[in-house]
Amino acid sequence: MSSLKDLARNLGLSITTVSRALDDYPDVAQSTRERVRHAAREANYRPHSAARRLRKGTGETVAFVMPAQPGHFHEPVFAELLAAIGEKLAAEQHDLILLAARPGLEEMATYRRLVESGRADAFILARTRRRDERVAYLEAKGVPFICHGRTETKRPYAFVDGDGQAGFRTLTTRLIGLGHRRIAHLSAPSYLTFATLRAAGWRQAMIEAGFEEDVQRLFVEGEPTEADGHRLAAELLAGSQPPTALVCATDRMALGAMQAVVEAGLAIGPDIAVTGHDNIPAASYARPGLTTLELPPAEVGARLAAMVLARMSGRDPRELSAVLDLRQMPRGSSAEA
């Protein structure tokens, strides 16, 4: 990665001119600004954020790129999470910018644009994937970031995550204790790390209880939406050996599943248990209330903000990882008051 001095020398311009062009000052001609930005991209140059902050008298900027995909953005959960992040960053004179992009080419183009233009000094990544291109890109660029969730990269990185495996194991074991034997799992896509971990917890409990033969038959996968929760539950209930419990990866899947149960003429709770994860507001207002698990978004948001501030100040990512216990929220949908 070139230095500002190298960039100025190669362009035949003063360091001051190059610096002001990169910061988009209007006293530098538009043609010169475009020429400098193009050369900076070619040289893989990224302005030193602390120096820019001193020059411009502003704080640094943390970017949060929201997953613009059905079922991947839970408005109440993300709103509380982002409020906690924004509040803590603002107290340190830093800004939080929000963007939306669909995972894949559109998403990576957004990350590259933010990094190469210097608009973002650090990132908070949501909905981490087992093999996450965003993590690999930011590591290669040396840009500070924090993950909300885990990934399978072998390099050390900073993250906050809920212990989905332990949480779903405990939840499934509790259902077994209530007398359930055919417990199905409605999983989110397995390329998402959280989905893999939650499925692993359900599977572990089933095997420990001696139901290993049913694991493959009772595992189904779909998008984390009400529509797919409804579809998957309806298919399971129409089978020759319908489940007596539906353990869903998310609340939204669980709410769709509850509708399928009602349409099948069954009583939620007494006839078939339904559970979710997230504790969105609709979970407590459903009838019966939805049994679910919770990772408090305000607490997670505050941790994410503190960690990204630490990474921006140079803290080792190996010192900034946390796996938090999930809160069990038993309600009427699992016949627990």
- Task: State which residue pairs qualify: first residue without any contact (Cβ under 8 Å) to a residue 24 or more places away in the chain and inside the stretch 26-41, second residue surrounded by fewer than 17 Cβ atoms within 10 Å (Cβ to Cβ) in any location, beta carbons under 8 Å apart, and separation of 6 or more residues or different chains.
- Result: R33/D24
- Item | Residue satisfying condition, being over 22 Å from the mean Cα position of the chain (by Cα) and of a type outside the set (D, E, K, R), within set L266, L255 | L266
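Do we have P70 as open to solvent by less than 60 Å² (accessible area, probe 1.4 Å), at pLDDT below 75 and under 30 Å from E87 (Cα atoms) here?
Working: open to solvent by less than 60 Å² (accessible area, probe 1.4 Å): no; at pLDDT below 75: yes; under 30 Å from E87 (Cα atoms): yes.
No, not satisfied.
Here's the yes/no breakdown for (1) at pLDDT below 75; (2) among the charged types (D, E, K, R); (3) more than 26 Å from Q93 (Cα to Cα); (4) not in a helix (DSSP H, G or I):
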| position | (1), (2), (3), (4) |
| --- | --- |
| R20 | no, yes, no, no |
| R33 | no, yes, yes, no |
| R37 | no, yes, yes, no |
| P47 | yes, no, no, yes |
| R52 | yes, yes, no, no |
| G59 | yes, no, no, yes |
| V62 | no, no, no, yes |
- Query: So, in the stretch 89-126, of the ones that are under 25 Å from A310 (Cβ atoms) and touching an Asp or Glu at 6+ places or on another chain (Cβ under 6 Å), which residue ends up surrounded by the most Cβ atoms within 10 Å (Cβ to Cβ)?
  - Reply: D121
- Query: Restricting attention to the stretch 1-40, and to residues there that are among the charged types (D, E, K, R) and under 19 Å from R119 (Cα atoms), which single residue is least open to solvent (accessible area, probe 1.4 Å)?
  - Reply: D23
- Message: Condition check: modelled with pLDDT of 90 or more and part of a loop (DSSP other than H, G, I, E, B). Does R315 satisfy that?
- Response: no
- Can you pull out the residues in the stretch 297-337 that are under 22 Å from E226 (Cα atoms) and within 15 Å of the chain's Cα centre (by Cα)? P297
- Message: Suppose we filter the stretch 203-221 for residues that are of a type in the set (V, I, T) and open to solvent by 20 Å² or more (accessible area, probe 1.4 Å); how many remain?
- Response: 2
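Could you list all residues from the stretch 152-191 that are in a loop (DSSP other than H, G, I, E, B) and surrounded by 20 or more Cβ atoms within 10 Å (Cβ to Cβ)? Spell out the reasoning first.
From the stretch 152-191, those in a loop (DSSP other than H, G, I, E, B) are 152-158, 163, 178-182, 188-191; that's our starting set.
Matches in the stretch 152-191: Y157, A158, H180, A188.
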- Name the residues in the stretch 127-151 that are open to solvent by less than 30 Å² (accessible area, probe 1.4 Å) and part of a loop (DSSP other than H, G, I, E, B), would you? T128, D132, V143, P144, G149, T151
- Task: Considering (1) assigned to a helix (DSSP H, G or I); (2) open to solvent by less than 40 Å² (accessible area, probe 1.4 Å); (3) in contact with a helix residue (DSSP H, G or I) (Cβ under 7 Å, 6 or more places away or on another chain); (4) within 21 Å of V77 (Cα to Cα), say which one R252 fails and leave the rest.
- Result: (2)
- Exactly one of A200, A234, A227, A273 is open to solvent by less than 10 Å² (accessible area, probe 1.4 Å) and either small (G, A, S) or not in a helix (DSSP H, G or I) (or both), and that residue is A273
- Selected residue (criterion: modelled with the highest pLDDT) from residues of the stretch 286-298 that are farther than 16 Å from Q328 by Cβ and surrounded by fewer than 19 Cβ atoms within 10 Å (Cβ to Cβ): P288
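The values are calculated or read from the model by the stated rules, or taken from the named source; none is laboratory data. All figures in this text were calculated on a predicted structure; none of them were measured in a lab. Glycine also receives a Cβ, built like all others from the backbone with ideal geometry; neighbour counts cover every protein chain displayed. For the accessible areas, the whole protein counts, side chains as well, though only heavy atoms, and no ligand, DNA or RNA atoms are used. Shrake-Rupley method; radii C 1.70, N 1.55, O 1.52, S 1.80 Å.
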